[in-house]
Amino acid sequence: MTHSHPLSHLPHAADSRDAGAALEAGFSDLHPPLTSRQAIIESQRCLYCYDAPCIQACPSDIDIPRFIREISEDNINGAAQTILEQNILGGSCARVCPTEILCEQSCVRNHHEECQPVLIGLLQRHAIDHMDFDGHPFTRAADTGKHIAVVGAGPAGLSCAHRLATHGHRVTIFEAEPKPGGLNEYGIARYKLTDDYAQQEIDFLLEIGGIEIRHGQRLGDNLTLEALQAEHDAVFLGLGLGASRRLGLTGEEASGVATPGLMPATEYIRELRQVSDLGELPLARRCVVIGAGNTAIDMAVQMARLGADDVTLVYRRGVEAMSATGHEQDIARANGVRIVTWATPDEILLDDQGRVAGMRFARTQEQDGRLVNTGETLELAADAVFTAIGQTFAADSLSDTRAARLEPEGDRIHVDGQLRTSLPGVYAGGDCVAPGQDLTVQAVQHGKLAAQAIHQDLMARQEVA
Ligand code: SF4
C-alpha cells in the first residue's frame with residue numbers, strides 16, 4: 001500500500017501466515033457446489049413446464065427446462081451447450097446471478113408447500129463445471145473480412161466479441177485494465193468467484209479464436225471513437241461505469257487529497273480481489289458502509305469476514321427499498337453486519353489528525369412520498385467509512401468530439417431495442433446504457449443482442465453494396 005492510500009493508517013487484517021489461511025477460509029465458495037448425485041436428484045424436481053416462467057425471468061433467455069432435462073439424462077455436455085448458446089458466461093452467472101429474484105423466484109415449485117424452487121443456479125453451475133468438450137463447443141463461421149472494435153473486456157464486451165466471432169468477424173477488444181473481465185474480475189465479492197474463475201472462463205471464451213485483447217486502452221485517454229470508427233466496420237461500447245458517486249459532504253476530500261479512512265467500496269473490493277495475501281489488506285475494526293445495493297452488502301460482509309469487530313450498513317430508506325435482495329441482506333446479517341435504516345449521511349467526523357473517526361447521520365422518514373429529515377441525528381464511531389451509493393460514468397470517457405455526440409439518457413448512453421446508439425455503426429451495452437439492471441447477466445444479454453444487430457447491419461450493407 002502506498003502512503004497516500006486512504007486506509008494506510010489502519011492495521012493489516014493479519015500478520016501471521018496462520019491467520020492468513022484462516023482468512024482465506026472465510027473467502028471460500030459462498031454456496032458449495034452440488035455433487036453429481038445431488039444434481040441428478042435436483043434435476044428430477046423440475047416439471048419441464050410449458051411456457052416455462054423461469055425462462056421468461058432469465059435476462060439471457062436460457063432454455064432452463066431443457067438444460068435441466070439434459071442433466072437428468074446425464075448429458076452434461078448437452079446441458080452446458082444449451083446454457084452457453086444463450087450465455088457464454090453462464091459459469092460466472094451461475095455464481096453471481098441473484099437467482100432468488102430471477103429464475104428461482106418464478107419457478108412453479110417456489111410455493112408455500114415446498115418452500116424451495118428448483119435450484120436452477122446450482123444446476124447451471126454443475127453443468128458448466130463438469131462439461132468436458134473436445135475443443136471449444138462453438139465454431140467460427142468462414143471469415144467475413146469484417147473487423148469490429150469492442151471497447152471494454154467486461155461481460156458485455158466479451159459476450160459481444162464471442163458472438164461476433166461465431167459469425168466469422170474479427171474482433172479487437174480495447175481494455176483499460178491489465179486484466180480482462182470487468183466487474184467479474186474487479187468488482188464482485190471474492191467469495192462469489194473463487195479460484196481465479198473469471199480468468200479461466202475468459203480463456204475458455206477466447207478459444208473460439210479471432211478475438212484479440214489490447215490492454216491499457218482507454219476511451220477518452222489514448223483512444224477516440226473517431227479513430228476506432230475509421231479503422232473498424234463497427235464499434236461496440238461496453239464501458240461499464242467507472243466512477244463512484246460521492247456523498248457531496250464537506251470534508252469528503254480536502255484539496256484533492258483523499259480523507260484518511262474514507263473510501264469508495266468499489267476501490268477496496270478491487271484491492272481485495274487482486275491481493276494474493278488477504279492478511280496484507282488494511283482492516284477497519286469499526287466500519288460503516290453507506291449504501292443499499294449488492295456492492296454495499298459485498299463490502300460489509302467482506303469486512304466482517306476479514307475480522308472487523310463492528311460493521312454497520314446504513315441506508316436512508318427502509319429495508320424493503322434496498323436494491324440488495326432479501327437473500328443478500330440475510331447473508332449480511334448472518335455475518336454479523338448491523339443494518340441501520342432511515343438515516344442519511346450528514347457529516348464526516350474527523351479526529352484531530354484529520355482522519356475519519358465516525359459519521360453523523362440525519363434520521364429520515366417518508367412524508368407524502370418524499371424523504372425528509374426528522375431533525376434527529378445519529379452518530380456512529382468508525383475507523384473507516386465506505387461509500388457504495390452507486391456508480392456513474394467516468395466523465396472523461398465520452399469526451400472526444402465523436403463520442404460527445406452520443407445521445408445520452410439520464411447519465412448513461414441511449415440505445416434502441418437492438419442496442420444501437422444514436423451514431424450509425426456504434427452500439428453499446430451493459431451498465432453504460434439505459435435502461436439497465438446493472439447485472440452481469442444483463443450485460444451478457446446486451447453484448448449478445450448487439451452482436452446480432454451488428455452482424456445483421458453489416459450483412460445488409462454488404463447485400464446493398
Ligand atoms: Fe422447471 Fe421450475 Fe422452470 Fe418449471 S419453472 S421448468 S419447474 S425450473
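The values are calculated or read from the model by the stated rules, or taken from the named source; none is laboratory data. If you're wondering where the values come from, they're calculated on a predicted model, not measured in any experiment. We place every Cβ from the backbone using ideal geometry, glycine too, and count neighbours over all the protein chains shown. The protein model used for the area step is the full one, side chains on, heavy atoms only, and it has no ligands, DNA or RNA in it. Shrake-Rupley method; radii C 1.70, N 1.55, O 1.52, S 1.80 Å.
Here Lys192 is the anchor, and no lysines lie within straight C-alpha reach of less than 17 Å, apart from those fewer than 8 places off in the same chain. Projecting the Cα atoms of Gln217, Ile348, Ser399 onto the charge dipole of the chain, computed from C-beta unit charges around the Cα centre, puts Ser399 farthest toward the positive end.
Dipole check for the chain: with +1 at the C-beta of Lys and Arg, -1 at the C-beta of Asp and Glu, and the Cα centre as origin, the magnitude is about 380 Debye. When the solvent-accessible area of region 36-129 is split by element, carbon and sulfur atoms take up 47 percent of it, the probe being 1.4 Å.
For the chain, relative contact order (Cα pairs under 8 Å, six or more residues apart, normalised by length) works out to 18 percent.
Within a straight-line Cα-Cα reach of under 21 Å, Lys146 can be paired with the following lysines, leaving aside sequence neighbours fewer than 8 residues apart in one chain: Lys448.
Annotation: per residue accessible area for the chain equals 44 Å², rounded to a whole number [probe 1.4 Å, protein chains only].
Of the residues Cys58, Gln456, Gly154, the one whose Cα sits farthest towards the positive end of the charge dipole of the chain is Gln456 (charges of +1 on Lys and Arg Cβ, -1 on Asp and Glu Cβ, taken about the Cα centre). Computed from point charges on the beta carbon alone (+1 for Lys and Arg, -1 for Asp and Glu), the dipole magnitude for region 36-129 about its Cα centre is near 160 Debye. Solvent-accessible surface of protein heavy atoms, probed at 1.4 angstrom with all chains present, puts Arg420, Arg95, Arg405, Arg285 in the order Arg405, Arg285, Arg420, Arg95, largest first.
Placing unit charges on the Cβ atoms of the charged side chains and taking the dipole of region 117-214 about its Cα centre, the candidate lying farthest along the positive direction among Ala198, Leu123, Phe174 is Phe174. Amide H to amide H distances under 5 Å link Phe138 with no residue, where only residues 5 or more positions off or on other chains count and H is placed in the peptide plane. Just the protein heavy atoms count here, and of the accessible area of region 244-390 at 1.4 Å, carbon and sulfur take up 41 percent. A convex hull fitted around the alpha carbon atoms of region 188-324 yields 187 Å³ per residue.
Using only Cα coordinates, the Kirkwood hydrodynamic radius of region 362-429 works out to 16.2 Å. Taking every alpha-carbon pair under 8 Å whose residues sit at least 6 apart, region 244-390 reaches a relative contact order of 31 percent.
Report the Stokes-Einstein translational diffusion coefficient (µm² s⁻¹, integer) for the chain, Rh taken as the Kirkwood radius over Cα pairs, at 25 °C with viscosity 0.890 mPa s. Taking Rh from Cα pairs, D becomes 104 µm²/s.
Note that region 367-384 has calculated 3J(HN,Hα) couplings of 9, 6, x, 10, 8, 10, 7, 7, x, 7, 10, 9, 10, 10, 7, 7, 8, 8 Hz, one per residue in order, obtained from phi through the Karplus relation 6.51 cos²θ - 1.76 cosθ + 1.60 (θ = phi - 60°); glycine and proline are x.
In sequence order, region 105-110 has phi-based couplings of 5, 8, 4, 5, 7, 8 Hz under the Karplus curve 6.51 cos²θ - 1.76 cosθ + 1.60, θ = phi - 60°, and Gly or Pro positions carry x. Listed values for region 164-173 are Karplus-derived 3J(HN,Hα) couplings in whole Hz (6.51 cos²θ - 1.76 cosθ + 1.60, θ = phi - 60°), namely 4, 5, 4, 7, x, 8, 8, 10, 10, 9, and x replaces Gly and Pro.
Reducing region 168-211 and region 292-338 to their Cα centroids gives an inter-centroid distance of 27 Å.
Between Asn335 and Thr224, the modelled labels are 4.5 nm apart [label points 7 Å from Cα along Cα→Cβ]. Packing, as the average of other Cβ atoms within 10 Å across residues, places the peptides 161-169, 329-337 in the order 161-169, 329-337, highest first. Each Lys and Arg contributes +1 and each Asp and Glu -1, all at the Cβ; summed about the Cα centre of region 244-390, the dipole is approximately 240 debye.
Distance from the Cα centroid of region 341-392 to that of region 408-424 is 35 Å (rounded to whole angstrom). Beta bridges per DSSP, both residues in the chain: antiparallel share near 40 percent. Ordering 387-395, 358-366, 372-380 by mean Cβ neighbour count within 10 Å, with the highest value first, yields 387-395, 358-366, 372-380.
Relative contact order, whole percent, for region 108-245 stands at 29, derived from Cα pairs under 8 Å and 6 or more residues apart.
For Leu349, the residues whose amide H sits under 5 Å from its own are Ala357, Gly358, Met359, Arg360, ignoring neighbours fewer than 5 places away on the same chain, with H placed 1.01 Å from N.
Around the amide H of Tyr427, modelled in the peptide plane, lie the amide H atoms of Val235, Phe236, Leu237, Thr421, all under 5 Å away and 5 or more residues distant in sequence or on another chain. Protection proxy ranking, highest mean first, for peptides 31-42, 182-193: 182-193, 31-42, where packing is the per-residue count of other beta-carbon atoms within 10 Å, averaged.
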